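Enquirer: The structure under discussion is supplied below as structure tokens; questions concerning it will follow.
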Ligand code: COA
């Protein structure tokens, strides 16, 4: 399957290691910098196509999702600010009614991203607002530059979040902080986002790309089958009660004892070797 082509979503494959057979990290850039990478219908369609391509493409091990940097401003104009994504494209809300939104949101791109079986990292440099914060929350990890700002300002539009923040934020940062973010619509700094668990790591803008790619490469060096089972199992914690979740984990743990990669990993440890996974 060829990588989907789109002007609003750029796909770059970066080798996951110097060994060719270790696959790639797919660096996905949402590319509407003049509109702070706001999510319009084109971006959403492209995101869904990208998810399908990543799922079908074995060599892609990890996804890093980011926003395009601002363009040089025209003479005499101020530069646009840096953004991951400043939300859903508000111009597309004009004239829309509930039935239009129900159609748009059935089987939407953010859910597709959330349901991707491979590890995903949001690399945030700038505003991550509304749908942008939700796209970031639909990734497994979030790494942000110090100048990043997170928020769910939908309340200021007479709306609430629609791409999962009321549910996923509660699970990430808890009820009280979610209520504060959604009820006030105020932005928080990357440091505060890190303190409350919304962001995994904060670094300088200059370090962000390498820091994130190092993390992606580290994850890509593990067995892709074990990562997939791990992600699926951790997800159970969000949906089921403790007793059922522990049973899900026990079964997943047991099932891995029939995998070649468990044999390879244990053998490599005992022989002080680096494991060469069957599922690269
Ligand atoms: N949808 C559509 N366009 C958006 C947008 C969005 N969510 N966010 C920013 N833009 C556009 C602006 O309209 C502007 O376009 P223009 O230059 O053609 O007029 C451009 O992006 C730059 O934004 P601007 O508002 O001029 O930058 P700023 O530095 O003054 O403010 C923000 C930055 C992020 C504070 C401000 O853009 C903002 O509040 N955006 C909306 C955030 C939001 O409510 N998101 C939730 C949507 S559900």
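The values are calculated or read from the model by the stated rules, or taken from the named source; none is laboratory data. Keep in mind that this is a model prediction, so the values were computed, not measured. Glycine also receives a Cβ, built like all others from the backbone with ideal geometry; neighbour counts cover every protein chain displayed.
Enquirer: Please go through the stretch 94-134 and pick out each residue that is in a helix (DSSP H, G or I) and at pLDDT 95 or above.
Expert: 98, 99, 109, 110, 111, 112, 113, 114, 131, 132, 133, 134
Enquirer: Which numbered condition trips up residue 279, out of (1) at pLDDT 95 or above; (2) part of a loop (DSSP other than H, G, I, E, B); (3) touching a helix residue (DSSP H, G or I) at 6+ places or on another chain (Cβ under 7 Å)?
Expert: So the condition that residue 279 fails would be (1).
Enquirer: Which one of the conditions (1) out of contact with any strand residue (DSSP E or B) (no Cβ under 7 Å at 6 or more places or on another chain); (2) more than 12 Å from the ligand (Cβ to nearest atom) does residue 144 fail to meet, given that it meets all the rest?
Expert: Here residue 144 clears every test but (1).
Enquirer: Determine, yes or no, whether residue 208 is in contact (Cβ under 8 Å) with a residue 40 or more places away in the chain and outside any helix (DSSP H, G or I). Walk me through it before giving the result.
Expert: Numbers: in contact (Cβ under 8 Å) with a residue 40 or more places away in the chain: yes; outside any helix (DSSP H, G or I): no.
When the stated conditions are applied, residue 208 does not pass them.
Residue-wise test of (1) assigned to a helix (DSSP H, G or I); (2) in the same structural domain as residue 33 (by TED's automatic domain parsing); (3) over 19 Å from the mean Cα position of the chain (by Cα).
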{"site": "139", "(1), (2), (3)": "no, yes, no"}
{"site": "142", "(1), (2), (3)": "no, yes, no"}
{"site": "156", "(1), (2), (3)": "yes, yes, yes"}
{"site": "159", "(1), (2), (3)": "no, yes, yes"}
{"site": "162", "(1), (2), (3)": "no, yes, no"}
{"site": "166", "(1), (2), (3)": "yes, yes, no"}
{"site": "171", "(1), (2), (3)": "yes, yes, no"}
{"site": "176", "(1), (2), (3)": "yes, yes, yes"}
{"site": "181", "(1), (2), (3)": "yes, yes, yes"}
